[in-house]
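A.B. asks: Got a structure here, written out as structure tokens. Questions coming.
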Amino acid sequence: MARLLAFTRAGVRAVSLVLLALMVITPLAQIVMRGVFNVPLAGAEELARYFLISMTFIAAAYVTREGGQIRMEEFQALLPPRPRWLLQLAIELAGIALFATLFVAGLITIGKNLGNQTATLEMPFWLFMGPLVLGSFLLVVETAAMFLHTLRRGRPEDKQTVLT
């Protein structure tokens, strides 16, 4: 199970980096095509927006795993250890509930719009909404892993602000 999780995390990171590169390359290609060749790249804005949305939802699990989400650690540091531990457990449970709700809502939305497509690129709606479903599922998994880690530890996590 640990190997599958590690493999999935590596895949999420690689896909996120590819999406970031595509998000940068697409507007650059639009600028070059329009400025140099005087031929606009049709749908470049929608494609760049899709890459941004995809990267945001898919990379969120990686950001969560690395401790980069907002945690209000300065406030938590003011609390004694036991209430801080309980607060961290409650935050992680709330995160699991929120991301699971997004996951289910995404699945329902896709199910109700299987025949629809986006306006400019005519991308199938399931493909457009797919990153929301995948990203929220990955967030449920990572947040549940954090919850189990904090629960098993029996004490609160130390301050772990990531500034890189």
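A.B. asks: Can you tell me the orientation of helix 44-65 relative to the chain, as the angle in degrees between its alpha-carbon axis and the longest Cα principal axis, to the nearest 10?
C.D. replies: Rounded to the nearest ten degrees, it is 20.
A.B. asks: Follow-up question, since we're still on this one. Over the chain, consider all pairs of different Cα atoms and compute the Kirkwood hydrodynamic radius from their mean reciprocal separation; express it in Å, one decimal. Provide the component values of the computation, followed by the final result.
C.D. replies: Working: mean 1/r = 0.0554 Å⁻¹.
Evaluated on the chain, it is 18.1 Å.
A.B. asks: With angles folded into 0 to 90 degrees, how steeply does helix 125-153 sit against the dominant principal axis of the chain? Use alpha carbons for both and round to 10.
C.D. replies: 20 degrees
A.B. asks: Can I ask one more? Taking loop as defined by DSSP and a crowding limit of 13 other beta carbons within 10 Å, which GluC sites (Glu not before Pro) in segment 101-164 fit? All intermediate terms of the calculation are to be shown ahead of the outcome.
C.D. replies: Values: sites: 122, 142, 157; in loops: 122, 157.
Within segment 101-164, the qualifying GluC sites (Glu not before Pro) (loop, at most 13 other Cβ atoms within 10 Å) are 122.
A.B. asks: Still on this structure: Per DSSP helix of 4 or more residues, -39500 (n - 2.57); summed, then divided by the residues of the chain. What does that give at 222 nm, rounded to the nearest 500?
C.D. replies: -26500 deg cm²/dmol
A.B. asks: What does the charge count around residue 9 come to, taking other residues whose C-beta lies under 13 Å from its C-beta (Lys +1, Arg +1, Asp -1, Glu -1)? Walk me through the numbers before you get to the answer.
C.D. replies: Numbers: positive: 3, 13, 65; negative: 66, 142.
Net charge in that neighbourhood comes out at +1.
A.B. asks: Quote the FRET efficiency, to the nearest 0.05, computed for residue 49 versus residue 10 with a Förster distance R0 of 30 Å and r equal to the Cβ-Cβ distance. Mind showing how you got there, number by number?
C.D. replies: On the way: r = 27 Å, r/R0 = 0.89.
Step by step, r from the Cβ atoms, then E = 0.65.
A.B. asks: Given charges of +1 on the Cβ of Lys and Arg and -1 on the Cβ of Asp and Glu, with all other atoms neutral, how large is the dipole of segment 2-153 about its Cα centre, in debye to the nearest 20? Before the final figure, lay out each step's value.
C.D. replies: Details: 12 positive and 8 negative charges, 103 e Å.
Dipole magnitude for segment 2-153 comes out near 500 debye.
A.B. asks: Separate question: Can you give me the long-range amide H partners of residue 117? Hydrogens built in the peptide plane at 1.01 Å from N, cutoff under 5 Å, separation of 5 or more residues or another chain.
C.D. replies: Here the answer is 125, since their amide H atoms fall under 5 Å of that of residue 117.
A.B. asks: What is the local net charge at residue 65, summed over the other residues whose Cβ is closer than 11 Å to its Cβ (Lys, Arg +1; Asp, Glu -1)? Write out the running numbers ahead of the final one.
C.D. replies: Details: positive: 9, 13; negative: 66, 142.
Cβ neighbours under 11 Å give a net charge of 0.
A.B. asks: Nearest 0.05, what FRET efficiency do residue 93 and residue 29 give at R0 = 45 Å with Cβ-Cβ as r?
C.D. replies: Working: r = 44 Å, r/R0 = 0.98.
Calculated transfer efficiency: 0.55.
A.B. asks: Mind jotting down a quarter of the surface of the convex hull over the alpha carbons of segment 1-58, in square nanometres, one decimal?
C.D. replies: Values: hull surface 16.3 nm².
For segment 1-58, averaging the hull's shadow over all directions gives 4.1 nm².
A.B. asks: For a quick check: sort 53, 25 by the number of other beta carbons within 10 angstrom, fewest at the front.
C.D. replies: 25, 53
Only the coordinates and a few stated rules stand behind these numbers; no lab work does. Keep in mind that this is a model prediction, so the values were computed, not measured. All Cβ positions, glycine included, derive from the backbone under ideal geometry; neighbour counts span all protein chains shown.
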